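Visitor: Below is one structure. I have some questions about it.
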Amino acid sequence: MKQSVQVTILGQQYTLRSESDPAEVRQIAEFVDRRVAEVQSAARTADSYTAVVLALLNVAGELFAARRQAPAGGDEGAEERLQKLLARIEAACAAPPPVKPGS
């Protein structure tokens with residue numbers, strides 16, 4: 001059963017509906033928030049959309065590297081979980097960036 005979970009990423013609050021454990025959803029959101037903040041700090045960009053795209057590219061690169069290192073015929077459940085996570089990330093990236101008040 002899907003549950004609503006409130007998360008905050010880059011100061012923007014989102015209500016997500018997920019079948020995952022709410023604590024896990026919040027943990028994922030905190031991870032995303034940290035990764036985007038790291039990119040913003042390193043790239044010194046104020047554009048949050050660009051920072052999100054760069055963070056997504058970094059995480060996707062790590063995912064691909066982990067897949068290459070995984071033994072053939074390894075944990076198929078992990079592969080399915082990774083596919084679901086990648087689909088969530090892609091869906092979040094496809095969403096238009098939030099409009100800032102006064103813009």
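Visitor: Using beta carbons and a limit of 6 Å, which pairs, at least six apart or on different chains, have the first residue in the range 55-71 and over 13 Å from LEU82 (Cα atoms) and the second one among the β-branched types (Val, Ile, Thr) and surrounded by 11 or more Cβ atoms within 10 Å (Cβ to Cβ)?
Guide: ALA55/VAL36; ALA55/VAL39; LEU56/ILE89
Visitor: Is at least one residue of the range 78-95 at pLDDT below 75 and surrounded by 14 or more Cβ atoms within 10 Å (Cβ to Cβ)?
Guide: Yes: one or more hits.
Visitor: Here's a check for you: in the range 7-44, which residue that is within 11 Å of ALA55 (Cα to Cα) and of a type in the set (Asp, Glu) is modelled with the lowest pLDDT?
Guide: GLU38
Visitor: Kindly indicate whether any position in the range 34-49 is touching a Leu at 6+ places or on another chain (Cβ under 7 Å), closer than 13 Å to ALA92 by Cβ and among the hydroxyl-bearing types (Ser, Thr, Tyr).
Guide: Yes, the conditions are met somewhere in the range 34-49.
The values are calculated or read from the model by the stated rules, or taken from the named source; none is laboratory data. Computed from a prediction, not measured in an experiment: that's the story for all the values here. Every residue, glycine among them, receives a Cβ derived from its backbone with ideal geometry; neighbour counts consider all protein chains shown.
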